[in-house]
Structure formats: structure tokens, C-alpha cells
Amino acid sequence: MDHFPVFMAVAGRRIVLSGGGEAALAKLRLILKTTAHVTVIAADADPQIAAWAQARRLTLLPRAMEPGDAMCAVLFYAANEDDAEDARVAALAHRDGARVNIVDNLADSQFITPAIVDRDPVVVAIGTEGAAPVLARRIKRDLEERLPADLGLLARIGKTFRTAADVLPMGVKRRDFWTAFYERVGPQAVAAGGADAVRPALQRLLDATLHAAPKQGRVDLVGAGPGDPDLLTLKARKALDVADVVIYDRLVSRPILELARREAVMIDAGKEGFGPGMPQEQIQALMVEHASQGAHVVRLKSGDPTVFGRLDEELAALDAAGIAWSIVPGITAASAAVATLGQSLTRRGRNASVRFMTGHDTAGFADHDWKALARPGEVAAIYMGKRAARFLQGRLLMHGADPATPVTVVENASRPDQRVLPTVLADLEPTLTEAGMDGPALMLLGLAPRAALAVTADLTREEFA
Ligand code: SAH
């Protein structure tokens, strides 16, 4: 981040702009939304600027800029659409102590103006550091559609009600009050009776909240998918939006954690599969503790929570404590990994079943029906298989598996650093160790990448595209 976003206090302060053409107009349309004193310096000002001056929305100095014109200004815009003149006025403004922006000149500007979505007092600023104005415009359009037009009205009335709402205890209850107002009660009141209906509705909501029974906590056991945030379910996103507490495993990716409500308490359970981390009992105790206090807990697990996630132990703990829960499925690593190969997990005439198996469990390397797995055409998705690879390889060969059986290892499936390692059973080790994978990896026994994709032994994501 080369530019740090802040909201600057400009009420009653000066903003000065030099220029009178198109570029000046575009900036002025934004600046005039503020309560600053705006001065425009332009020898040849557009009629619209003259009209604004007439209407006293700004002060127009119909001449070239002189030293002292930007005195006491908080912000200064050079918008002459002329490099030499912009450089001259910027130098003057610098001397007057103003922060300077030169339109369309990122390098010489001390600040940049974001695209904004205006629901005053709710303002969303979007910046791309000059890299992608097209993207900023698209995000702006999306947000314009998503934020109701009367949000500004609700926020203004809400602001005058803040002190009254302070009778509610800080935390869950107060937050729920405001959520109910902005999402439900406020919009309904405006629709039914206009702006005048909002305050009485707030008062009724406050009374109802004050006398409501204490909130019941709950736990959602949510699948975070393999890592790509686009592979989250809508339900998972909604749960993250409202969570008071998020308890997450180590494999849950950073971009997904970023989606959690900003005020949510984030707890790292540090666990990878059956690997080390916070003891299972402690995770369970934490879920119970927070939910018992009325919190909405999201227990975020990588992939699908029902696959190698010790879900039953957590459900048993919640049941024992009488806490309500629900399971939100996610995309399991096997689905994400096989998608990158251009293959399917089952195929008519090849395999009518597929196994999800683990390389090791709490007791060590896991035992399986090796004889069945060794049959030609068998397909298995092996989780937590890296360390057990040599063991698996040995067992399968010993039970008569064809040494040429394809095995493909997909590391970091669906993430930007995804790697695909196609090999055969006889070479699985030492190929896997030599590849030095340190991310989560899923092994697909019996599947090779579709012929057209298997160009190199180390396919990257780009090569698939
Ligand atoms: N519940 C998870 C599995 C947890 S066990 C799921 O449904 O996917 C942890 C194992 O999952 C890892 O050891 C690895 O084998 C696999 N895994 C999880 N995320 C992965 C990813 N992005 N790419 C490849 N394998 C992954």
C-alpha cells in the first residue's frame, strides 16, 4: 500500500483548485459534495464553474494563480491540463503549505482522490493507486447497486440516536440493535412512513431490545473450502459476515480470514488435519465458552467440515453443553485437486466408487484395505498423505498394484501457488520428497492429468490457463 486511505476533515477549511476546463469540472463535482470552502482560480472558467460561483457554491478568481492563493488550504488541485502550468501552480501551492494533487500525474501528487460511493454520512472510498481506474469504476458501480439509496438518511438519523442507544450494554446486544436497525427496521420504517417514521421505529426497537431475553449463542461449523475465496459458499460468507467469534484451523487461507466481520474475535486453533496445534479439547472448550455467553461462533475448517475434520468430537461437545449448531458444507480438497487435472473422480467403466482416505490418523500411519486399493482402475483421494507416501507406496506394491498406476499430487489446490506433480506409483517416492512440497497436498491415486495437460512434470497454474 503506497497510499494510506484516510478521511480528512475539510468542514469550513479551504480547498483550492487551479484550472477551468473538463478536468477541473470533474474534480469540482466531487469536491462540491463537501462542506469545505472551495476556491477556483481560472482565467478562462467553464460556464458551469461561473454558475457555481454565481450560486455562491465556490469562489472564482478569474485570473492566473499567484503566490499566496493557496494559503491555509488543506488541499490543492492543479487541473489546468497543461504540464507547465500545473508544475508552476503546484510549486506555488507547495510554498503555501497545501497538500498538492496534480490531475493525471500520480508521481508528482502528494495525495490521490479515490472513486467514491456517496451515501453521506456513509462514504465508501475506492482506490487502486492509479493502477486500474476501470476496476475502481466497476467496484463503484457494484457498490452503488448494493447500498440502498436511503442508507445515508438512516445513518444520519441513527447518529442522533447513538446516545440513547448507549443504555444497551456494549457488545453483542448493542451491535444487534444497530444491525436490526440498518438491515430491517430502518428500511421498513422509511418505506412505510418516510423519514419521520424512523425515529419512533428506533425507539420501539430500543424498548424491544432492552426487554428481550438474552441472546442464545450458537456455533456454525463452516467449510472454508480449499483456499480460493471464490470457492466459499454463499452461506459460509454470510456466516463470516455475522460471526462474533471465528475459530479457524491453520489451513484456512488468509484471504478467507480477511472476509470475517472486522469486529470478530479471531482465534487461531493452529490445527492441520490430525497434526499438532491447539488440543482438540481446548478448541471444544472455547466454542462452548463463547457460545454460552451468547456469541455467534463460526468454527471454520478447511475444505468440508465433514471430511477428516474431527467434526463429531466437536458436535458431541456442543450437544453435551446444549448449544445449537449447524453444519455449512464446503468444497473438499479432493474436488478442488481433481478439477485441476481435467479429470473426474468417477468414470463409467473405470471406477464406480472413490475413496477419501487419510495417510495417517491420530494413531500414526492409517491402515486400509490395500488389496482392494491395489486393483486396476481404483481411484482414491488421499488426504494428509505426504509423510505416509512411502508407506502407502510399499503397501500398495506389496498387494499387487501395478507400478505404473498413475498418482498425481496437487499441492495448494485452488491457491495462487498451486502445484501439480504427476508421477506413477513406483516413483511416488522419492519424487514427492524431491519436490520439496511444504503446503497442504492431496494425492490422487489412479488419476493422471488429462493427456493434453500433462506437458511437464511440474505443471503450474499458468500452464493450465
Ligand atoms: N476438511 C478438509 C481436510 C482436512 S485434512 C477438506 O475437506 O479438504 C487436511 C488435509 O487436506 C491436508 O493434509 C491435505 O491433504 C488436504 N488439503 C486441504 N487443503 C488443501 C489444498 N488447498 N490443496 C491440497 N490439499 C489440501
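Residues that are open to solvent by 40 Å² or more (accessible area, probe 1.4 Å), away from the ligand (no atom under 16 Å from the Cβ) and touching a residue at least 40 places away in the same chain (Cβ under 8 Å) within region 281-321 comprise 292, 293, listed in sequence order.
Per the listing 358, 340, 346, 362, the residue uniquely farther than 20 Å from residue 222 by Cα and within 9 Å of the ligand (Cβ to nearest atom) is 358. Counting only helices (runs of 4 or more DSSP H) that fall entirely inside region 263-369 and contain at least 2 residues that are closer than 30 Å to residue 169 by Cβ and out of contact with any Asp or Glu (no Cβ under 6 Å at 6 or more places or on another chain), the qualifying elements are 280-292, 311-320. Residues in region 345-362 that are farther than 22 Å from residue 389 by Cα and in contact with a helix residue (DSSP H, G or I) (Cβ under 8 Å, 6 or more places away or on another chain): none. Looking across 241, 249, 207, one residue alone is at negative phi and within 16 Å of the ligand (Cβ to nearest atom). It is 249. For region 378-421, the candidate set comprises residues that are more than 15 Å from the ligand (Cβ to nearest atom) and either buried (at least 18 other Cβ atoms within 10 Å of the Cβ) or among the β-branched types (Val, Ile, Thr) (or both); within that set, the residue that is nearest to the chain's Cα centre (by Cα) is 379. Taking residues in region 351-372 that are aromatic (Phe, Trp, Tyr), and partners anywhere that are part of a strand (DSSP E or B), the pairs with Cβ atoms closer than 8 Å and at least 6 places apart or on different chains are 356/380; 356/381; 356/383.
The values are calculated or read from the model by the stated rules, or taken from the named source; none is laboratory data. This is a predicted model, so every value here is computed, not measured. Glycine also receives a Cβ, built like all others from the backbone with ideal geometry; neighbour counts cover every protein chain displayed. For accessibility, only protein heavy atoms count, side chains too; no ligands or nucleic acids. Shrake-Rupley method; radii C 1.70, N 1.55, O 1.52, S 1.80 Å.
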